[in-house]
Amino acid sequence: MSAATDREIERFRKMAEGGCQVLEMIRTARDADEITMEAILKVATSAHMDVGAADADAVDGSTARLPGRLRYFADSLSDDGHGGTGAGFTASRKNPGRPRGYIDDYKPQAATIHLLREVQQVLTEYHEYLPLTVRQIFYRLVGKFGYEKTENAYHRLCEHVSKARRARLIPFDYIRDDGVAVMRDECYADADAFRDHVRREANAYRRDMQARQPYRIEVWCEAAGMQPQLANAVSAWSIPVYSSGGFDSLTSKYDIVQRVIAEHGRPTVILHLGDCDPAGETMFRAAAEDVAAFVEVDRWSPQSAAIFKRVALTEDQVESYNLPTAPAKASSHARDWGDRPTAQLEALPPDLLNAVVQEAVVALLDQRILGEDEEAEEQERFELTRLLPAPREEA
């Protein structure tokens, strides 16, 4: 390996300051023969970047195990060795005005820099479960670093994370917040584009793993921001994930009834995840009773049933995992709650959340049928792609 030149090192240092990821730098280096891998490692080391075995493999020519996510530079969140606070920005006592677009001159206070380092640790720890909600990050900061557990502290964290995303310190797709809902028709540039789409669909063909199971399963989550994580957790079993904010919607409950009836006697199991508090439990119980009453009248088969199971968050889980708690808020729902503490679902760490919901699903599955369907899916995917014309060559 040839020695890194000053020109190479300076080029990659600028990429680092711009928030470039290690994987991007390696790809750039591979596309330009005059740039050495040594230059990348020199810059990454000087920026206090996490350069581990995976990066060493990449330098040797193998990127198979290099985690592309979370390889953005920690340069801006690390001491630069010269008394400063980092190459990407400098400390400031004030950053006036509400930002618009990207922030190119981010100047947080020293305490904010410290907080963002802790946020980065949380994102690294749970990179398999990205995107996370800010509320999930908040509870990990509370549990791991003793961050203040107040709504004011949470709102401050939201503001700091928002600015860090605008400053390109945290990739936008690492954070889930409830955004805009879109409705649009599927359109194609031309017939060839449609054929390409059909081939991609065939390559991604998935058999409905619930079709032959003894139960049809749905997952309902109180926090809409956690839907992507839960969808990933149960995707292998073709299980839909709904936001249970709709539990208070008559239309949503009636839609459940129609899906239950459409199963012609096969029971439907609704696995619910929500906060451990009076309002959450009351809404869950009311929805279960309401749906059952509709099904009793409308069902065609006496075996049709909606079985509601509260998977999380339970009082036992709050105690077992030592989750942060708060007193119940005064409300009509709290009359029978007593002095029991409350806790939010997002306080449950992402890895534990995945484990809890997956365990509940696996307990309902017939593993023999599942294995047969997985084998059939592979064969059906092969047959579908074999019948389709080859993809068009790029001009």
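The values are calculated or read from the model by the stated rules, or taken from the named source; none is laboratory data. The structure displayed is predicted, hence computed values, not measured ones. Every residue, glycine as well, gets a Cβ built from its backbone with ideal geometry; the counts of neighbours run over all protein chains shown. Quick note on the areas: whole protein, heavy atoms, side chains included, nothing else; ligands and nucleic acids left out. Shrake-Rupley method; radii C 1.70, N 1.55, O 1.52, S 1.80 Å.
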Can you work out the base-10 log of I(q)/I(0) for region 205-271 at q = 0.16, 0.17, 0.23, 0.25 1/Å, using the Debye formula on its C-alpha atoms alone? -0.57, -0.65, -1.08, -1.18
Under a 5 Å amide H to amide H cut-off, with H placed in plane at 1.01 Å, what residues pair with S243 once short-range neighbours are removed? C221
Dividing the Cα convex hull volume of region 129-244 by residue count, how many Å³ per residue is that? 180
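Counting only protein heavy atoms and using a 1.4 Å probe, what share of the accessible area of region 138-264 belongs to carbon plus sulfur, as a whole percent? Could you put the intermediate results ahead of the total?
Details: 3360 of 6870 Å².
The nonpolar share, carbon plus sulfur, comes to 49 percent.
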According to the Kirkwood expression over distinct Cα-Cα pairs, how big is the hydrodynamic radius of region 255-390, in Å? 18.1
Heavy-atom accessible area of H114, protein chains in place, probe 1.4 angstrom, given in Å² to nearest 10, is 100
Gained length - R184 relative to E315, 0.36 nm times residue gap less alpha-carbon distance: 42.9 nm
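GluC sites (Glu not before Pro), restricted to region 153-215: which are DSSP loop and have at most 11 other Cβ atoms within 10 Å? Please list the in-between numbers first.
On the way: sites: E159, E186, E201; in loops: E186.
Within region 153-215, the qualifying GluC sites (Glu not before Pro) (loop, at most 11 other Cβ atoms within 10 Å) are E186.
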Over the Cα atoms of region 221-309, how large are the radius of gyration and the largest Cα-Cα distance (Dmax), in Å? 13.2, 37
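Could you give the accessible area per residue of region 103-184, probe 1.4 Å, as a whole number in Å²?
Per-residue value: 53 Å².
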For region 236-395, the per residue accessible area (1.4 Å probe, Å²) is 55
Under a 1.4 Å probe, counting only protein heavy atoms, Y147 has an accessible area in Å², nearest 10, of 40
Solvent exposure, largest accessible area first (probe 1.4 Å, DNA, RNA and ligands not counted), of H127, H264: H264, H127
Of the options A360, P349, L387, report the single residue whose Cα projects farthest towards the positive end of the charge dipole of region 331-388 (beta-carbon charges: Lys, Arg +1; Asp, Glu -1). P349
So between E159 and E289, what do we pick up on full extension, going 0.36 nm a residue minus the alpha carbon distance? 42.8 nm
